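Below: the structure, in structure tokens.
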Amino acid sequence: MSINPNLIPESQWIMPTLSVADNEQRLSFPIQSAFNYHGYDAVGGVVLGFRLLQRAISLLTPEGEPLQRRELTLFTAFPGLGARDCFELVSRIVSENRFILDIDFNGTEAQQGIAGRFYFEFGYRGKTVALAPVAGQPTTEFLNIGRASKRPDATPEIQRQWTAAKYQLANTLLSITPQDAIRVL
């Protein structure tokens, strides 16, 4: 059972943990830790950030070798606070100035978001990988509801739909593997 009743039960979460290293110490982060750190306002963004980290770690590190969390870098065009907090929790990437955000970056095929683009270029020990959610995720409907929720005349019904859409995205991402959620550009 999930702590939050709007999320699918934890027993249905696929790959709910990721591991990194801080020097010689291995650290394990369950996704619930990311929810505890950020909260549930940007629940879809938290899970997106978690899946992005899992995919980046799998692509940037040799099999069985832990990623040194304080060596990861990120350039992104996505300003979402849920994903950003997830990145910070796991890698301290924001507070240690290894995070660059440029919401005007257009040099990519990554999908346009509510603001910016769903573009994430992770770097680690001289290697880089550009990632984005799989095509069609988040859906056009999700983006339209999100944009409507940001308008000054947004109704309580639009806000309710936006909250429901964020949980739907989170549940979708929780129920699939990082490889099924995140593509390499």
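The values are calculated or read from the model by the stated rules, or taken from the named source; none is laboratory data. Just so it is clear, the model here is predicted, and its values are computed rather than measured. Glycine gets a Cβ as well: all are built from the backbone with ideal geometry, and neighbour counts include every protein chain shown.
Candidates are the residues of the range 129-171 that are hydroxyl-bearing (S, T, Y) and touching a helix residue (DSSP H, G or I) at 6+ places or on another chain (Cβ under 8 Å); the one that is farthest from D41 (Cα to Cα) is S149. Listed conditions (1) farther than 18 Å from I182 by Cα; (2) modelled with pLDDT of 95 or more; (3) among the hydroxyl-bearing types (S, T, Y); (4) touching an Asp or Glu at 6+ places or on another chain (Cβ under 8 Å) are all met by S28, apart from (4).
Let's see how each residue does on (1) among the aliphatic types (A, V, I, L, M); (2) within 22 Å of E96 (Cβ to Cβ); (3) over 14 Å from the mean Cα position of the chain (by Cα):
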site: Q12; (1), (2), (3): no, no, yes
site: S19; (1), (2), (3): no, yes, yes
site: R26; (1), (2), (3): no, yes, yes
site: V47; (1), (2), (3): yes, no, no
site: R55; (1), (2), (3): no, yes, no
site: L59; (1), (2), (3): yes, yes, yes
site: P62; (1), (2), (3): no, no, yes
site: L67; (1), (2), (3): yes, yes, yes
site: R70; (1), (2), (3): no, yes, yes
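Those residues that are surrounded by fewer than 19 Cβ atoms within 10 Å (Cβ to Cβ) and more than 12 Å from Q12 (Cα to Cα), I need them from the range 169-180; list them, please. Answer for the range 169-180, where residues must be surrounded by fewer than 19 Cβ atoms within 10 Å (Cβ to Cβ) and more than 12 Å from Q12 (Cα to Cα): Q179, D180. Got at least one residue in the range 155-167 being modelled with pLDDT of 95 or more and in a loop (DSSP other than H, G, I, E, B)? Looking through the range 155-167, at least one residue is modelled with pLDDT of 95 or more and in a loop (DSSP other than H, G, I, E, B). Listed by first and then second residue, the pairs linking a residue in the range 27-51 that is of a type in the set (S, T, N, Q) to a residue that is surrounded by fewer than 16 Cβ atoms within 10 Å (Cβ to Cβ) and modelled with pLDDT of 95 or more, with Cβ atoms under 6 Å apart and 6 or more places separating them unless they lie on different chains, are S28/T17; S28/S19. Of the residues making up the range 1-32, those that are part of a helix (DSSP H, G or I) and surrounded by fewer than 16 Cβ atoms within 10 Å (Cβ to Cβ) are E10, S11, Q12.
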